[in-house]
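Here the structure comes first, spelled out in structure tokens, and everything after it is commentary.
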Amino acid sequence: MTLVLSEDQQLLKDSAKGFCQQNSPVSVLRRLRDSKDETGFDQDLWKQMIELGWAGMAVPEAYGGFDFGFGGLGVVLEETGRTLVSSPLISTVLIAATAIRELASDAQKQELLPKLVAGELLFALALDEQTTHSPHKISTMAKKTDRGYSISGAKTFVLDGHVADKLIVVARTSGERDDEKGISLFLLDADAEGVSITRTLMVDSRNSANMQFSQVRVSEDALLGELDNGFPGLDKVLDVARIGIAAEMLGSMQAVFESILAYLKQREQFGVLIGSFQGLQHRAAEMYSEIELCKSAVRAALSGLDDADKTQAEIAELASIAKAKLSEVFFLVSNEGIQMHGGVGMTDEFDVGFFIKRARVAQQFLGDAVFHRDRYATLNGF
Amino acid sequence: MQSLKDFQEDTRAWLEENCPQSMRTAMVQEEIVWGGRNAEFANPDSKLWLQRMAEKGWTCPTWPTEYGGGGLDKEQAIILSEELARINARSALSSFGISMLGPVLLEYGNQQQKMEHIPKIVRGEIRWCQGYSEPSSGSDLASLGTKAELQGDYYLINGSKVWTSYADKADWIFCLVRTDNEVPKHSGISFILFDMASEGISTKPIQLISGSSPFCETFFDDVKVPASNLVGRLNEGWTIAKRLLQHERTMISGFGLAAGQSDRGGTTSTVASLEGAAKHYRGDSAKLSDPVLRDQIARFKIDSEAFAFTSRRSVEESKQGQGPNATSSMLKNYGCELNKRRYELMLQAIGSQGLGWEGEGFSDEELQLTREWLRSKANSIEGGTSEVQLNVIAKRVLGLPDILSLAKK
Ligand SMILES: Cc1cc2nc3c(=O)[nH]c(=O)nc-3n(C[C@H](O)[C@H](O)[C@H](O)COP(=O)(O)OP(=O)(O)OC[C@H]3O[C@@H](n4cnc5c(N)ncnc54)[C@H](O)[C@@H]3O)c2cc1C
């Protein structure tokens, strides 16, 4: 395991950075928000990302991917985080491609992955039912019928739910609401009968949806992974997603911090640059230190994902370290981002507001700092 | 050249054969080996372990072999430290010579100085102390006033130092002295070495809040020091002084690493890990019953892990032979704050048994813990205070305007 980027990863990072800054600066997200865009992301931009091969980054070559590893996807996510790119990269590539890769049958992989890599299908993971992430608290039911399953229940905070072609639905096939046992995953078409989807406009201007399933009928082969025993696989997919989100948050917090530093070196009050005030210097120095720890936590987690010797428990620990730490520090940096810019920071015209809005959503998504500290403690037996 | 794989195998085999069993246990305070003319070996195995390691130069693995060092490159040194950690081997020798003076002497010393001092540091024959701080010059170190005047072929030194750790036990001192009063404060400082047995030196131990007396007031009264003991050029000692501080800070940041490490377990002691201690003293079995403490411990441990990754990344990122840079201030500050946090959490975890001072009713380990907690408070003062580290980061790493450039010189 190494904590520095390989030459290839560095090249990829540089080109991703150039791409995002040129084609999708924060002004793109602003435009999507202001125009109340139907899809909530820029279709042309997504096409270009597909052409760059970003959707196949962590997909094996046998299924049309490029096998560049999670380290590669991680640096791309970091750069998209810098400019707050809104795209299906997280829902479809980071989460769904991983879920299919980890859980699907070979036939399902053959059918879905090449289309995913080619940008022909968008996916969403319908998981959460509570207002805070609790992945095993599932009451959506999938009842066995003579020809398959019938799914009923409700989901919330489904990322890209209103644009997805396919849904991965986490449902209960046995057991009680809080049991890990008895959870199964199903793959269904978003336009299947009985599915109703309501777009929710979130504070970060990205796409989410609430969903209702009423007696949605699916066939046997809609099952993704093992019956009743879907949780361990789901958790593994979630860990990949948590690490990817942490990488994205790393990019975002660095963008805020760079903006802070630039302002400290440019804004004058009392006849001097405000960056000469020690009250601000020390806070900047502390943020810098925390961001350095964040970088290390993300790098360690990403290289853990690409290390075949790592056990699932070790990955889980790395994921919780990264998500807990990044959630905490992005909270800090996004708050200081407003404070250190003074009144300017409060204006909609200035970009930093977009980052604090993204921060709160990203912090909560797939478990906030408290969730992951609790999980870390449990993993470590205390 | 030998492949890294072979190096690893050879190293493992050598350690297997040469590291005494009792050196593969957690270090205890009284058995730390500092070396020096009057070196003490509370455990005879320590002496053997030091001799064997010194013979290979592995007390200073990356220093050149011509001065007795191990001559290892960065990758090999990482392997050696991993192999040492694997068998839980104790450090064979701890000294300011290794962590502070040696590296700058290799960088700034002349051939004769290196030949004279480096091998003795590697073998632990001479114990060094650091003469930087003075009563009126702490954070503002460059304002120091201890005077050195050239008189023919020697310098005459007058003045006093304070907080000089182990001055009463050290054989030699590396010392900052003022050699020019007429120029801005940073430009009149020189870096000089001398024997603590020289005439005119006296030391007076100062007691710490933890009860021990590791540091002293140090007085110089017409001390004669050969002019050839000046390191680098006259009046250019501040550059060397700052460089040494980077090494010192990197060393101190290791306290934070150690805090995380000891917390990953390895010993059977009840206070080896925070969660182990909390469970033991509170009678919890599987899960800690106090959710607030549990959350704080998890937070501490997550920060320790991220910090350990960061220290490792800084080693991986540094170029061969380049040594530490201004980020050492970040590591120092973070590591020290972590170590302090760990002790506070430990006290919180074990309650009144962690507050004993001496005598009946407490185990030795508990009493030591109280003292260590108090000692940890110095971490954010020694080697430059936390506030000073934050100043360095702001100025040197982040490039913010220097608040002190307006202060009176
Ligand atoms: C256990 C221990 C061992 C030591 N060993 C040695 C040794 O071996 N050799 C040696 O030379 N020295 C040694 N020291 C001394 C140490 O380096 C000094 O104590 C330290 O640099 C602080 O100086 P001071 O004590 O004079 O505090 P001061 O400089 O007076 O600081 C007082 C307070 O003011 C703050 N402050 C000062 N300047 C600024 C600023 N510009 N911005 C913001 N805040 C500021 C400080 O952070 C601190 O909180 C040791 C100290 C300790 C505690």
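The values are calculated or read from the model by the stated rules, or taken from the named source; none is laboratory data. In this text the structure is predicted, and so the values were computed from the model without any measurement. Note that we place each Cβ from the backbone using ideal geometry, even for glycine, and neighbour counts take in every protein chain shown.
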* Do we find that B:A272 is in contact with a Gly (Cβ under 9 Å, 6 or more places away or on another chain) and modelled with pLDDT under 95 in this structure? -> yes
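Conditions tested, residue by residue: (1) at pLDDT below 95; (2) under 27 Å from the mean Cα position of the chain (by Cα); (3) in a helix (DSSP H, G or I).
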| site | (1), (2), (3) |
| --- | --- |
| B:Y334 | no, yes, yes |
| B:L345 | no, yes, yes |
| B:Q348 | no, no, yes |
| B:F362 | no, no, no |
* Asked: Mind checking which residues of region A:334-350 are in a helix (DSSP H, G or I) and away from chain B (no Cβ under 14 Å)?
  -> A:S334, A:N335, A:G337, A:I338, A:Q339, A:G343, A:V344, A:G345, A:M346
* Would you check if B:G97 is assigned by TED's automatic domain parsing to the domain that holds B:A39, surrounded by 18 or more Cβ atoms within 10 Å (Cβ to Cβ) and either away from the ligand (no atom under 16 Å from the Cβ) or basic (K, R) (or both)? => no
* Asked: What is the one condition in (1) at pLDDT below 95; (2) surrounded by fewer than 22 Cβ atoms within 10 Å (Cβ to Cβ); (3) not acidic (D, E) that B:R90 does not satisfy?
  -> (2)
* Output the residue which, of all residues in region B:1-44 that are under 29 Å from B:M196 (Cα atoms) and assigned to a helix (DSSP H, G or I), is modelled with the lowest pLDDT. => B:Q29
* If B:G97 passes every condition in (1) modelled with pLDDT of 95 or more; (2) more than 19 Å from the chain's Cα centre (by Cα); (3) among the small types (G, A, S) but one, which one does it miss? -> (2)
* Asked: Only one of A:S208, A:S219 is over 19 Å from the mean Cα position of the chain (by Cα) and among the polar types (S, T, N, Q); which?
  -> A:S219
* Asked: Is region B:293-307 home to any residue that is within 30 Å of A:F371 (Cα to Cα) and away from every other protein chain (no Cβ under 14 Å)?
  -> no
* **Hey, A:A284 touching a helix residue (DSSP H, G or I) at 6+ places or on another chain (Cβ under 8 Å) and either free of Cβ contacts under 8 Å to residues at least 40 places away in the same chain or within 14 Å of another protein chain (Cβ to nearest Cβ) (or both) or not** => yes
* Asked: If you scan region A:366-381, which residues turn out to be of a type outside the set (S, T, N, Q), facing chain B (nearest Cβ under 9 Å) and not in a helix (DSSP H, G or I)?
  -> A:G381
* Structure fact -> Scanning region B:346-388 residue by residue, the ones that are near the ligand (Cβ under 9 Å from one of its atoms) and either within 14 Å of another protein chain (Cβ to nearest Cβ) or of a type in the set (S, T, Y) (or both) total 6
* If we scan region B:330-342, do we find a residue that is in the same structural domain as B:K395 (by TED's automatic domain parsing), among the polar types (S, T, N, Q) and under 29 Å from B:S137 (Cα atoms)? -> yes
* **Candidate set from region B:149-165 (those that are within 16 Å of the ligand (Cβ to nearest atom) and among the small types (G, A, S)); member that is nearest to the other protein chains (Cβ to nearest Cβ)** => B:S165
* Asked: Do we find that B:I403 is near the ligand (Cβ under 8 Å from one of its atoms), free of Cβ contacts under 8 Å to residues at least 24 places away in the same chain and within 11 Å of another protein chain (Cβ to nearest Cβ) in this structure?
  -> yes
* Structure fact -> Among the residues of region A:298-319, the number that are facing chain B (nearest Cβ under 7 Å) and either surrounded by fewer than 23 Cβ atoms within 10 Å (Cβ to Cβ) or closer than 18 Å to A:F257 by Cα (or both) is 0
* Does A:G148 fit the bill of being surrounded by fewer than 18 Cβ atoms within 10 Å (Cβ to Cβ) and not assigned by TED's automatic domain parsing to the domain that holds A:S303? -> yes
* To do: Select, from A:V237, A:V203, the only residue that is in a loop (DSSP other than H, G, I, E, B), of a type in the set (V, I, T) and touching a helix residue (DSSP H, G or I) at 6+ places or on another chain (Cβ under 9 Å).
  => A:V203
* Scan region A:121-178 residue by residue and report those that are touching a helix residue (DSSP H, G or I) at 6+ places or on another chain (Cβ under 6 Å) and among the aliphatic types (A, V, I, L, M). => A:L121, A:L122, A:A124, A:L125, A:L159, A:I168
* Residues B:S318, B:S314: which one is crowded, with 19+ Cβ neighbours inside 10 Å, over 22 Å from B:E372 (Cα atoms) and either in contact (Cβ under 8 Å) with a residue 40 or more places away in the chain or small (G, A, S) (or both)? -> B:S314
